[in-house]
1. What pairs in LYS403/LYS597; LYS429/LYS528; LYS232/LYS403 have C-alpha atoms more than 23 Å from each other?
2. Once you place label points 7 Å from the Cα toward the Cβ at ARG364 and ARG446, how far apart are they in nm?
3. Give me the distance between the Cα centres of region 32-86 and region 332-361, rounded to whole Å.
4. What's the center-to-center distance, using Cα atoms, between region 513-548 and region 217-259 in Å?
5. Obtain the nm distance between the two label points defined at THR40 and PHE120 by a simple spin-label model: each point lies 7 Å from its Cα along the Cα-to-C-beta direction.
6. Could you tell me what fraction of 2.2 N^0.38 Å the Cα radius of gyration of region 131-183 comes to, as a two-decimal ratio?
7. Starting from the Cα gyration tensor of region 336-446, take the square roots of the eigenvalues, sort them a ≥ b ≥ c, and report rounded, prolate or oblate (rounded when a/c is under 1.5, otherwise prolate if a/b is larger than b/c, else oblate).
8. Rounded to two decimal places and with Rh computed the Kirkwood way over Cα pairs, what is Rg over Rh for region 296-335?
Amino acid sequence: MCGIVGYVGPRPAAAIVLEALYRLEYRGYDSAGLAIVNGTGLTVEKAAGRIGVLHKRLGDDLPAGTTAIAHTRWATHGAPNDVNAHPHADCGGTIALVHNGIIENADVLRKRLAARGHQFRSETDSEVLAHLIEDAYEGSLADAVMAVLPSVEGTYGIAVVAGREPGVLVAARMGSPLLVGVGDGECFVASDAAAVISHTRSVVYLDDGEVAVLRPDSHQIYDQQTVRVEKKIRTIDWEIGAVERGGYAHFMLKEIMEQPVSIRNTVRGRLLEEEGTARLGGLNMPDEALLEVDRVVLIACGTSWHSALIGEYLIEEHARIPCEVEYASEFRYRNPILDEDTLVVGISQSGETADTLAALREARHRGARTIGLVNVVGSSIAREVDGGIYLHAGPEIGVASTKAFTSQVAALAMLTLRMARLRHLSVLKGREIVDAIQRLPAQIERVLASAAAVEAVADRFARTTNALYLGRGYNFPVALEGALKLKEISYIHAEGYPAAEMKHGPIALIDDMMPVIVVAPRDGTYAKVVSNVQEVRARGGRVIAVVTEGDEEITRLADHVFPIPATIDALTPILSVLPLQLFAYYIAVRRGCDVDKPRNLAKSVTVE
């Protein structure tokens, strides 16, 4: 989950990698560091804390040199302090390395290297790699890296420089994302395109087992057998402004407010109004293959798992295909029953989520067909599945996912529509769903226009210590997602439940200090949810309700309401989640929390 960047070229490297680190800080922010090849050796500077601490330590006179690597960390091994921060150097300080991932046989390698006289300074598994490369170094950094990687077990994205080889940067990937940026007389390496977009849009995505040897005027890629391979240069299709705040106080607020645009981009060109269906060419599945699917398994983690729960309701109600939702982290460690007629859908904003990627690989190994719903073009999941649906929601920098969630639900609705129309769903019903999807961007704008009203309610609850979220049917996953958002960014304990389950335990917690957030649009479960609201009121609970515009019944019962426009039941989650995103955001701001970089969290979970 750490951020990696490297540069080799004619320009002063320190300023370039430092600027890039700020764009990667959402991937890890408990320590940072850089290493620069200065012409006579290496300059290494690192510091615990945010990148600003490192920047302050460096001062205005940045170290000279035109080759550099840098890193922003999310700790896995060793406390976040100056010593454990990356880059890590070898015994002689001639080789420096940054690493994202986990080296599973680090202890075995450390003992072997210690017996050969190597001295370790940190508690990290990553430092082992620097000493391994030192042990094999005979004048060629590329040869040394390729020689030692077969002995490494685990996951890694690494970038390495040597003081004796100015103008050379070596990078390698196994299970952790890494790309090469190709500029005019300069090259970059990064764990995310956001780091290089201000310098180049031309990138090469590394696959597992590949090693890149970068010089100012060339990039050479080698496979696990050290054979040179030719890789396609791809073009990043978004602007630098997409990874800047654009006047908003936080990326999270910007991304919440971008949802009318992100939904438009997700559905653009994919809805066929006359036929009442969706066109999803990226699935790489002809209609005949879709008709053979007799079971769907959705696998995901975190927020993506909540969108998968909504997908389960969608697929079973409209396509009438058995569907189940699995935590990717659990799916890969049991013995799932899969065959060639099972469609396994992996959902991941980053396309790099380690558990989801591993689960998809297991599904393919067992003969199932796999597709991915991802937001990042060229990501690992996108490259390894049989087909997929890109969300086109644009870069999401805030750690707490918002616009990716609603785009995932929209994509699942289109997948459902495609499969349902091939079976029994009538063209009239299909057109109704298409029309409802097309109306979403304007409806989202209406909900977001009431942000000030949500902020006023958030002010009243900023000092609460617990919250209960309730929903039924399609909006039960929204209750889970609303609770997760509050937990992630405000550090308030919150739980989401199916509303009927309140009586099976959580009702004991309700008193006049416990806000209960009820997701209660006028859908098929409305009457039941009204009863749940009355039960909360009878016990002195304070009710905040998400309601359909014009609903007077719950408005009379609730202390506060967040109205949303009417839509079909299946699409209510895309609207009902919006006030909950804003509610969590404004509470976190009032509590003084770092909204974009919540403690202990990072954006892309690339380790178990």
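1. From LYS403/LYS597; LYS429/LYS528; LYS232/LYS403, over 23 Å: LYS429/LYS528; LYS232/LYS403.
2. In this crude spin-label approximation the distance works out to 4.4 nm.
3. One Cα centre to the other: 37 Å.
4. One Cα centre to the other: 43 Å.
5. It is 3.3 nm.
6. Values: Rg = 11.5 Å, N = 53, 2.2 N^0.38 = 9.9 Å.
So region 131-183 has a normalised radius of gyration of 1.16.
7. Working: a/c = 2.88, a/b = 1.19, b/c = 2.42.
Oblate, because a/c is 1.5 or more while a/b does not exceed b/c.
8. Values: Rg = 10.3 Å, Rh = 10.2 Å.
Ratio of gyration radius to Kirkwood radius for region 296-335: 1.01.
The values are calculated or read from the model by the stated rules, or taken from the named source; none is laboratory data. Nothing here was measured: the structure is a model prediction, and the numbers come from that model. When we count neighbours, we look across all protein chains shown, and the Cβ atoms used for this are built from the backbone with ideal geometry, even at glycine. We work out accessible area using only protein heavy atoms, side chains counted, and drop any ligands, DNA or RNA first. Shrake-Rupley method; radii C 1.70, N 1.55, O 1.52, S 1.80 Å.
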